[in-house]
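Down below is the structure, laid out as structure tokens.
A short reminder: the numbers here are calculations on the coordinates, not readings from a lab. Bear in mind the structure is a predicted one, so any value in this text is a computation, not a measurement. Cβ placement follows ideal geometry from the backbone for every residue including glycine, while neighbour counts extend to all protein chains displayed.
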Ligand code: NOJ
């Protein structure tokens, strides 16, 4: 269980293509309890928490999470140290792709609540010093959106050109226009009987791509963004943003070949193609520059975060607009968090790149989300240094180690609901239980993303405290009896306590907040260690053991004392000579 096939597909193609987010219109005050160490915009130091609304908290007992459920849990999030929530799409949707198929951008899906519930959530979040970031799906709409219904009605409809339509080829013009593939399997073209043309869909056929070459599309979308910005959202996470444009020549994608000239097939049985024609087109940045201007015209440092699977740090820098800083505020860096192997040297290299090769652009690290296996993937045989599954105790230590890296780096930290308690990826055991359509199409190689989206585990009681329904939209994983908020809260050695201490350290400690990072012991293959220091030379030292054996290290630091550790032996440390237990974490103060 490594990276999910969906993310893998996105990643893979980017490597070949070289491709390449206040309160109502008010500036949000400094988050309570946070240190005002700099004049940086808030998002540079945010702890962003992704909420999959179907799965966080069900307030009305129908088995599916909702907005009022999120509002009920704001106190919890505040205590955890979260200052921004990113809510996966909660707009009206046929739910083919569980909300990533939007049928109305300016409303709330009734199963999640009402617009009044949304307004209340934004207002209550503000009282808890939490900003609300929305998930905007701009590459495509639902095929049930009125725009598409109009577009497909006739070739002469004024909205015809809002989507990507093309004649078929072959004797009866019944073959797709080219070899482009959907990320979710098979041809990216669907024949529509009414007008006898094909339309393009990078994702499901129920998600037709909007035609961003048509200025009316941009006008409509920008007006919709203003609608939400006026409501006081802190910004947007832009879904699949590199895929906004397709090459005008519509030439075939190139078949990818390995070193021996062999092509390969993906989990859906399709030949693996490059995606240079359909992702990372230069026009994407032009639209994003205009979108940035719009967002920057609002007070309170609204932010644009991008879902940006790219091949390398150079390509990521382009999505910031390089030295001009005029494209996205923070394209997501998946390279660090999705290394998917407990490899100290690999993390050192990727973190160093993000720290040093983006100029003054600010990194955003992502370790997991609703498309990818949870953090426990790092405990599986494919990821560990031993080639064996880690024990449950080791798995907790591994998650403490990775979260320490996430929260003590300069990067803005993005976490996924349930990370803080160590929820495990729980894929369906039988094809008939799968909800995510790609899991049905790709079974058993691709089991879909249900396993990453199971309900939040609050208690050891009915439905894990998520709901009161007799059945929930996805089953509650069996681990809920021990892995849940109630049982971990206030417990000294729990993952939840560890996360809470990390977010507090990040806010209170000036060096963690803004200090420069220097890697230590740079050739050590097992231990990742570094300092974060402010201009006064004071700061923290971090040492993380990526191996399952104790490691003794001698760090080139002066007098130190322990700030955080999961090892009883390391509670009283005074020099840089320390022995970390297997998968142990230590954070010290450099005096
Ligand atoms: C990326 C989203 O994260 C994923 O969940 C969705 O299926 C695709 N984009 C299509 O919107």
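Things to note:
- The spacing between segment 277-321 and segment 395-410, judged by their C-alpha centroids, is 28 Å.
- Each of 54, 591, 131, 430 was scored by other Cβ atoms within 10 Å of its Cβ. Listed from fewest to most, they are 430, 591, 54, 131.
- Look at 403, 153, 471, 59 and count the other Cβ atoms within 10 Å of each Cβ; fewest to most, that gives 471, 153, 59, 403.
- Over the chain: helical MRE at 222 nm, DSSP H runs n ≥ 4 each giving -39500 (n - 2.57), nearest 500: -7500 deg cm²/dmol
- Neighbour counting of Cβ atoms within 10 Å sorts the residues 329, 140, fewest neighbours leading, into 329, 140.
- Approximate shape of segment 146-200 as ellipsoid semi-axes (Cα gyration tensor, √5λ), whole Å, largest first: 20, 14, 8
- If R0 is 25 Å, the Cβ-Cβ spacing of residue 391 and residue 572 corresponds to a FRET efficiency of close to 0.40.
- Considering only the chain, percent of DSSP beta bridges that pair antiparallel, nearest 5: 60 percent
- Distance between the pseudo-spin-label points of residue 345 and residue 107 (7 Å out from Cα toward the beta carbon): 5.7 nm.
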